[in-house]
Amino acid sequence: MNTTSPEPVPAPATGRIVLLTTSHRVAPGLLSWPAWQALHAADRVLCADGAHPQLPYLREAGIRVDEASPTAEELVAACADGCTVVVVATGEGEPALTDGLARLAGSGRVSMPDLELLPASYDLPGARLLDLVQVMDRIRAECPWSSQQTHKGLAKYGIEEAYELVEAIEDGDRDELREELGDVLLQVVFHARIAEEGRAEDGDTPFSIDDVAGGIVTKLIHRHPHVFGDETATTPEEVKEHWLRTKAVEKQRTSITEGIPLGQPGLALASKLASRVRTAGLDVPLPAGDDLGYELLALAVRAEAAGVDPEAALRAAARAYRDAIRETESGTGAR
């Protein structure tokens, strides 16, 4: 009598599904090494979008891609006998497919293949700025209000947004800070988009957001020789010295007052003038006068010499005054 137990029948291999995601903000074909390995090792590669930007590069690499949009059940069946199927996700992802796979897995009625989400490319820092540029392009072209705006018409919003940013900083509100930075950034992108439409017959030289970014990159590199060049700086004072020296060479100004916007608030203007005088080592007596303006000028110069921003100091005092007003109103019932 043979008492040897029969060999156990191995369970059928369940295979593997790899959902390959890519970023539209990264140039097609720039995939990670694990992504290329998964693609080359796959038994089948599927993509629902025949115009997917990755497909020409995959085919150039010798990978056959079938244009197909299988259901969750069909995809599980395709993994029978241990097959690996890679799904190249479309720009919206594959929500219907992933939801279907989740339902199948939760039912307990189906032997599920291994599921893997494999990011094939990641957004680089700053990649979302490309989205902002694209959104601004469309708004400029299709929005009845935005399409009519000019640099002069938007100028007041730039001032307002800058003040709101300062308020968020002074309030210490991180959520507001993030939002207000976005509003300021919008002004930059909006103006750059308008500038692309400059017409030669009007004397306008067109420029784009790339020209704006390229200009500030060049300026930053040139004014930081201690970072990008052979200069050295170990203190903030030395950094400022580098900055002022390179700026003076760039601008070739005949007066230290050049470049100071006279339209800024009075206290800030007085403080900036005093800062330029002090940095240049000049001895300039304050103009004499009997009205309040000269007293405020003297206070602003004194504040700058003490390292105090007179605008910020006055705003802080004004906030305290506002709080006192509200406290008085709540005590008297006045509104």
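The values are calculated or read from the model by the stated rules, or taken from the named source; none is laboratory data. Quantities reported herein were computed from a predicted structural model and do not represent experimental measurements. Here Cβ is always computed from backbone atoms with ideal geometry, including for glycine, and neighbour counts include all displayed protein chains. For accessibility, only protein heavy atoms count, side chains too; no ligands or nucleic acids. Shrake-Rupley method; radii C 1.70, N 1.55, O 1.52, S 1.80 Å.
Of note:
- Exactly one residue out of Tyr122, Tyr157 is of a type in the set (Phe, Trp, Tyr) and either exposed (fewer than 12 other Cβ atoms within 10 Å of the Cβ) or within 30 Å of Val88 (Cβ to Cβ) (or both), and it is Tyr122.
- Single unsatisfied condition, Pro206 versus (1) open to solvent by less than 80 Å² (accessible area, probe 1.4 Å); (2) over 28 Å from Leu244 (Cα atoms); (3) assigned to a helix (DSSP H, G or I): (3)
- Unmet criterion (only one of (1) at positive phi; (2) at pLDDT below 90) for Gly62: (2)
- Here Ala213 meets the list (1) assigned to a helix (DSSP H, G or I); (2) open to solvent by less than 40 Å² (accessible area, probe 1.4 Å); (3) among the small types (Gly, Ala, Ser) almost entirely, failing just condition (2).
- A single entry from Leu30, Leu20 fulfils the requirement of being part of a strand (DSSP E or B) and in contact (Cβ under 8 Å) with a residue 60 or more places away in the chain: Leu20.
- Top-ranked residue in region 174-203 [being acidic (Asp, Glu) and over 22 Å from Arg128 (Cβ atoms); ranked as surrounded by the fewest Cβ atoms within 10 Å (Cβ to Cβ)]: Glu201
Residue-by-condition table, conditions (1) among the small types (Gly, Ala, Ser); (2) without any contact (Cβ under 8 Å) to a residue 24 or more places away in the chain; (3) under 20 Å from Thr21 (Cβ atoms):
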| position | (1), (2), (3) |
| --- | --- |
| Leu104 | no, no, no |
| Val110 | no, no, no |
| Arg128 | no, no, yes |
| Asp137 | no, no, no |
| Asp175 | no, yes, no |
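- The number of residues in region 93-102 being in contact (Cβ under 8 Å) with a residue 60 or more places away in the chain and either charged (D, E, K, R) or out of contact with any strand residue (DSSP E or B) (no Cβ under 8 Å at 6 or more places or on another chain) (or both) comes to 1.
- Checklist (1) over 15 Å from Leu269 (Cβ atoms); (2) surrounded by 10 or more Cβ atoms within 10 Å (Cβ to Cβ) applied to Ala303, failing item: (1)
- Subset of region 216-233 that is more than 16 Å from Glu250 (Cα to Cα) and in a helix (DSSP H, G or I) - its residue that is least open to solvent (accessible area, probe 1.4 Å): His226
- Number of the exception - Arg253 against (1) in a helix (DSSP H, G or I); (2) open to solvent by less than 90 Å² (accessible area, probe 1.4 Å): (1)
- Taken residue by residue, region 91-105 has at least one member that is small (Gly, Ala, Ser) and open to solvent by 70 Å² or more (accessible area, probe 1.4 Å).
- Hey, Ala51 hydrophobic (A, V, I, L, M, F, W, C) and open to solvent by 70 Å² or more (accessible area, probe 1.4 Å) or not: yes
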